[in-house]
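For reference, the structure discussed in these notes is given below.
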Amino acid sequence: MYKRFELHNHTIESDGSLSVKELIDYMVENEVDVFALTDHNTISGHHKVKEILEKEKPPIECIFGMEYTTYYGHILCFNLNEYIPWENIDKERAELLFRSIKKTGALAGIAHPFSYGAPVAQGCRWEMKLNDYSVFDFIEIINNPESLEANAQALMWWQSLCLKGMRISMTAGMDLHRKNGFENRFAVYIKTRPDLSAQNALARAIKTQKTYVTRGPVFEALLQKNAAVKCRIENTVKKGFDMQAVPFWTIEYTSPSGSLLRKLDKSDKTALFSLSEFKDSSVIVVKLYAGDVCMENLTAVAPVIYR
Ligand SMILES: [Zn+2]
Ligand SMILES: [Zn+2]
């Protein structure tokens, strides 16, 4: 079973307009399975969420997080149990903050790395120096309110690091500050079991690069025994996406030696691709487009295949 995770949300505990209770209700109304609370530089909402979940038992789980909001970029954290101060952050050595976050067992990644930054959005762009890419877990490849261009750059940065062999997960988020609709917005899906907590499912998925990002159907790419990749458009489709309006699908396979495209009839659900077409097939990134290949048509990204 796949669960939908909405991993980037703010409330009035920082600069959002919804109370914690209103955020929970809004998420439940929109059939979200798991939401993260990621207010800027505060975990003051955590105990409020816990109280509501215990008392009212709404059909939803919470990932307790925070968005470290510095002058040189924003860091999203999940499964955060304590506040870690960042006042002494060193722009030249982002590793220090990532390491202190991760020491507590939390997951940490870079939010909206190519946000416009100053003077439009002071501090939102990632400008810290990183010498060790193993210190962070994920990149938010799609921040829904960001421009197509900023998201395209984030996607390409993540892809280029993966193609170099780095094990970095991808996430997407609403960066929700008010009620503004989930239709056609990218979310994260995770394959999980009913007995696994959302926190464990997320940690496992992020540690093994098994997050699915989509605004429509969940898209899976699996390595077969005969050096082929089998892609499958799953029946789990995010609500609000019009499958009928898809003219045709294009699958883009990218390896360190280049990209190849395959068109798929809109009624087709699976595709087989031989890796012998690539000189170097050590890493494969597979993306699904509703129509031709362009950022506007990007629909889903499958978990990366590392051979
Ligand atoms: Zn931010
Ligand atoms: Zn945010």
Checklist entry - So which residues in the range 169-181 are surrounded by 22 or more Cβ atoms within 10 Å (Cβ to Cβ) and touching a helix residue (DSSP H, G or I) at 6+ places or on another chain (Cβ under 7 Å)? => result 169, 170
Next on the checklist: Restricting to the range 10-49, count the residues that are outside any loop (DSSP other than H, G, I, E, B) and under 16 Å from residue 183 (Cα atoms).
Outcome noted: 4
Next on the checklist: For the range 56-78: of the residues being away from ligand 1 (no atom under 16 Å from the Cβ) and in contact with a Phe, Trp or Tyr (Cβ under 7 Å, 6 or more places away or on another chain), which is farthest from residue 14 (Cα to Cα)?
Outcome noted: 60
Item to check | Members of the range 284-307 found to be among the β-branched types (Val, Ile, Thr) and assigned to a loop (DSSP other than H, G, I, E, B), listed by number | outcome: 293, 304
Item to check | Members of the range 265-283 that are surrounded by 13 or more Cβ atoms within 10 Å (Cβ to Cβ), in a strand (DSSP E or B) and within 25 Å of the chain's Cα centre (by Cα) | outcome: 271, 283
Checklist entry - Do we find a residue being small (Gly, Ala, Ser) and within 26 Å of residue 153 (Cα to Cα) anywhere in the range 175-190? => result yes
Checklist entry - Here are some residues: 56, 127, 149. Which one is more than 27 Å from residue 295 (Cβ to Cβ) and either surrounded by fewer than 16 Cβ atoms within 10 Å (Cβ to Cβ) or modelled with pLDDT under 95 (or both)? => result 56
Checklist entry - Can you name the number of the only condition in (1) within 16 Å of ligand 1 (Cβ to nearest atom); (2) in contact with a strand residue (DSSP E or B) (Cβ under 6 Å, 6 or more places away or on another chain) that residue 10 fails? => result (2)
Checklist outcome for this item: Going through the range 198-228 in order, the residues found to be among the β-branched types (Val, Ile, Thr) and either buried (at least 21 other Cβ atoms within 10 Å of the Cβ) or modelled with pLDDT under 95 (or both) are 206, 211, 213, 214, 218
Checklist entry - Pick from the range 79-114 the residues that are touching a helix residue (DSSP H, G or I) at 6+ places or on another chain (Cβ under 6 Å) and closer than 26 Å to residue 186 by Cα: which of them is farthest from ligand 1 (Cβ to nearest atom)? => result 79
Checklist entry - Restricting attention to the range 13-23, which residues are small (Gly, Ala, Ser) and in contact with a strand residue (DSSP E or B) (Cβ under 9 Å, 6 or more places away or on another chain)? => result 14, 16
Next on the checklist: Being over 28 Å from residue 244 (Cα atoms) and either of a type in the set (Lys, Arg) or surrounded by 17 or more Cβ atoms within 10 Å (Cβ to Cβ) (or both) is the requirement here; does residue 155 meet it?
Outcome noted: no
Next on the checklist: It is to be established whether one or more residues within the range 159-169 are within 16 Å of ligand 2 (Cβ to nearest atom) and in the same structural domain as residue 207 (by TED's automatic domain parsing).
Outcome noted: no
Item to check | Scope the range 101-124; condition buried (at least 21 other Cβ atoms within 10 Å of the Cβ), under 17 Å from residue 89 (Cβ atoms) and modelled with pLDDT under 95; matching residues | outcome: 101, 124
Checklist outcome for this item: Among residues of the range 56-107 being in a strand (DSSP E or B) and within 15 Å of residue 200 (Cα to Cα), the residue farthest from ligand 2 (Cβ to nearest atom) is 61
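The values are calculated or read from the model by the stated rules, or taken from the named source; none is laboratory data. Every value quoted in this text rests on a predicted model; they were computed, and no experiment measured them. Heads up, the Cβs are rebuilt from the backbone with ideal geometry, glycines too, and the neighbour counts pull from every protein chain shown.
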